[in-house]
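Peer 1: A single structure is presented below for examination.
Just so you know, all these numbers are worked out from the coordinates, no wet-lab data involved. It should be emphasised that the depicted structure is a prediction, and the values quoted were computed from it without experimental measurement. No Cβ is skipped: glycine too gets one built from the backbone with ideal geometry, and neighbour counts run over all protein chains shown.
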Amino acid sequence: MLSPRNIAAAVLPHGTTTAVTDPHEIANDAGEEAVHYMHDAALGLPMRQLINIPSCFPSVPGLENAGATFDAGTIHRLAKLENVHGLAEVMDFV
């Protein structure tokens, strides 16, 4: 995984100026704080990085383990961040 700064450094020279991201994997391991990190680390960079909020963890409760649990309250808090623009893929398979 690349940090927001390293993503910008890799793709800006090729003309990409905006990316919509889904920090599902980092949030799955490190929780709400990880989404805050991805958001805050992207602020002020020359490339816009718009975040979609991961929908839930784990995606199949009882069949897999996750480092975090996302619920409606978590999504509501994250939706207030400046560069959050939507809800990512809904993966609740139960």
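Peer 1: With an 8 Å Cα cut-off and a minimum separation of 6 or more residues, compute the relative contact order for the chain in percent. It would help to have the intermediate numbers written out before the result.
Peer 2: On the way: 145 pairs, mean separation 29.1, N = 94.
Once normalised by length, the contact order is 31 percent.
Peer 1: In segment 1-92, which trypsin sites (Lys or Arg not before Pro) fall in coil by DSSP and have 16 or fewer other Cβ atoms within 10 Å? Walk me through the numbers on the way to the answer.
Peer 2: On the way: sites: R5, R48, R77, K80; in loops: K80.
Passing sites in segment 1-92 are K80.
Peer 1: I'd like the Karplus ³J(HN,Hα) series for segment 71-77: coefficients 6.51, -1.76, 1.60, θ = phi - 60°, whole numbers in Hz, and an x wherever there's a Gly or Pro.
Peer 2: Rounded to whole hertz, the list is 9, 4, x, 4, 4, 4, 5.
Peer 1: What residues have an amide H closer than 5 Å to that of V84, excluding those fewer than 5 places away on the same chain, when H is modeled at 1.01 Å from N in the peptide plane?
Peer 2: Amide H neighbours of V84, under 5 Å, 5+ apart: I51.
Peer 1: What's the local net charge at N52, with K and R +1, D and E -1, over the other residues with C-beta under 10 Å away? Numbers along the way, then the final one.
Peer 2: On the way: positive: none; negative: D22, E89.
Neighbourhood net charge equals -2.
Peer 1: Each residue of segment 51-58 in turn: what ³J(HN,Hα) in whole Hz from Karplus with 6.51, -1.76, 1.60 and θ = phi - 60°, glycine and Pro shown as x?
Peer 2: 3J(HN,Hα) across segment 51-58, in whole Hz: 9, 9, 7, x, 7, 6, 9, x.
Peer 1: When every alpha-carbon pair in the chain is counted, what percent end up more than 16 Å apart?
Peer 2: Percentage above 16 Å: 53.
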